[in-house]
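*Asks:* I'd like to ask some things about the structure below.
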């Protein structure tokens, strides 16, 4: 029996984008399910930063059914020690979340969709035990900015594939 991935939108996320993402993630040996949206957790909002703390999204996801759960939101996410993040995940866990907010900056539709896929594959890689990769073309390379995301590929490098725990 294969593992199941549930894609859960938080708030208003375009269903066409979610369907595209599910199709692009089909290279992973996972059953795929797209679920109804959950509300954006207002308790995650930090008024001083005008951003949402990502760990609270992960807390919600951890409580949902499924082997792997990918949250997708249009709100701007952060963690306490970073100005912003594109996504976050539990290493060797079930929960991951990505934000589309910054991925849309200075992007046409193709570039935005490429970024969305890269961030989803990256965060799911963490749930399968992968750390950040030193190879700047590998999807597991840390993205400090959008240029880093644009430079890297959509797939795991050969070294990361060897370490991938699927």
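*Asks:* Which of the residues belonging to the stretch 61-74 are more than 13 Å from the chain's Cα centre (by Cα) and on the phi < 0 side of the Ramachandran plot? Walk me through how you get there before you give the answer.
*Replies:* Going through the stretch 61-74, the residues more than 13 Å from the chain's Cα centre (by Cα) turn out to be 62-67.
Answer for the stretch 61-74, where residues must be more than 13 Å from the chain's Cα centre (by Cα) and on the phi < 0 side of the Ramachandran plot: 62, 63, 64, 65, 67.
*Asks:* Quick one: how many residues across the stretch 9-30 are more than 17 Å from residue 121 (Cβ to Cβ) and not in a helix (DSSP H, G or I)? Quick ask: steps written out before the conclusion?
*Replies:* Taking the stretch 9-30 and keeping what is more than 17 Å from residue 121 (Cβ to Cβ), we get 9-16.
With not in a helix (DSSP H, G or I) added as a condition, the list becomes 9-14.
Final tally of qualifying residues: 6.
*Asks:* Here is a follow-up. Hey, can you tell me all the residues within the stretch 79-117 that are within 17 Å of residue 146 (Cα to Cα), within 13 Å of the chain's Cα centre (by Cα) and without any contact (Cβ under 8 Å) to a residue 60 or more places away in the chain?
*Replies:* 85, 87, 88, 98, 99, 101, 102, 103, 114, 115, listed by residue number.
*Asks:* What tally of residues in the stretch 50-78 results from selecting those that are out of contact with any strand residue (DSSP E or B) (no Cβ under 6 Å at 6 or more places or on another chain), in a loop (DSSP other than H, G, I, E, B) and at pLDDT 95 or above?
*Replies:* 2
*Asks:* Would you tally the residues in the stretch 11-22 being more than 18 Å from residue 77 (Cβ to Cβ) and touching a strand residue (DSSP E or B) at 6+ places or on another chain (Cβ under 9 Å)?
*Replies:* Within the stretch 11-22, residues that are more than 18 Å from residue 77 (Cβ to Cβ) and touching a strand residue (DSSP E or B) at 6+ places or on another chain (Cβ under 9 Å) number 3.
*Asks:* Collect the residues in the stretch 31-44 that are in contact with a helix residue (DSSP H, G or I) (Cβ under 9 Å, 6 or more places away or on another chain) and assigned to a strand (DSSP E or B), keeping them in residue-number order.
*Replies:* Selection gives 32, 33, 34, 38.
*Asks:* What number goes with the only condition from (1) in contact (Cβ under 8 Å) with a residue 24 or more places away in the chain; (2) on the phi < 0 side of the Ramachandran plot; (3) over 12 Å from the mean Cα position of the chain (by Cα) that residue 144 does not pass?
*Replies:* For residue 144, the exception is condition (1).
*Asks:* Further question on the same structure: Considering only residues of the stretch 60-78 that are without any contact (Cβ under 8 Å) to a residue 60 or more places away in the chain and more than 20 Å from residue 4 (Cβ to Cβ), which is surrounded by the fewest Cβ atoms within 10 Å (Cβ to Cβ)?
*Replies:* First, the residues of the stretch 60-78 that are without any contact (Cβ under 8 Å) to a residue 60 or more places away in the chain: 60-65, 76-78.
Right, trim to more than 20 Å from residue 4 (Cβ to Cβ) and you get 76-78.
On the way: 76: 16, 77: 26, 78: 20.
My answer is 76.
*Asks:* Anything in the stretch 1-21 that is without any contact (Cβ under 8 Å) to a residue 60 or more places away in the chain and either farther than 20 Å from residue 115 by Cα or crowded, with 17+ Cβ neighbours inside 10 Å (or both)? List them, or say none.
*Replies:* Pass one, the stretch 1-21, residues without any contact (Cβ under 8 Å) to a residue 60 or more places away in the chain: 1-2, 14-16, 18-19.
Answer for the stretch 1-21, where residues must be without any contact (Cβ under 8 Å) to a residue 60 or more places away in the chain and either farther than 20 Å from residue 115 by Cα or crowded, with 17+ Cβ neighbours inside 10 Å (or both): 1, 2, 18.
*Asks:* Out of curiosity, is residue 29 under 23 Å from residue 141 (Cα atoms), over 16 Å from the mean Cα position of the chain (by Cα), in contact (Cβ under 8 Å) with a residue 60 or more places away in the chain and surrounded by fewer than 14 Cβ atoms within 10 Å (Cβ to Cβ)? Explain how you work it out, then say what you get.
*Replies:* On the way: under 23 Å from residue 141 (Cα atoms): yes; over 16 Å from the mean Cα position of the chain (by Cα): yes; in contact (Cβ under 8 Å) with a residue 60 or more places away in the chain: yes; surrounded by fewer than 14 Cβ atoms within 10 Å (Cβ to Cβ): yes.
Judged against the criteria, residue 29 is a match.
*Asks:* Further, regarding this structure: Any residue at all in the stretch 97-104 that is at pLDDT below 95 and touching a strand residue (DSSP E or B) at 6+ places or on another chain (Cβ under 9 Å)?
*Replies:* From the stretch 97-104, those at pLDDT below 95 are none; that's our starting set.
No, the conditions are met nowhere in the stretch 97-104.
*Asks:* Please pick out the residue among 24, 17 that is closer than 26 Å to residue 163 by Cα, modelled with pLDDT of 95 or more and in contact with a helix residue (DSSP H, G or I) (Cβ under 9 Å, 6 or more places away or on another chain). Write out each step before concluding.
*Replies:* Numbers: 17 fails: closer than 26 Å to residue 163 by Cα.
Every option except 24 fails the conditions.
The values are calculated or read from the model by the stated rules, or taken from the named source; none is laboratory data. Keep in mind that this is a model prediction, so the values were computed, not measured. All Cβ positions, even for glycine, are placed from backbone atoms using ideal geometry, and neighbour counts span all protein chains on display.
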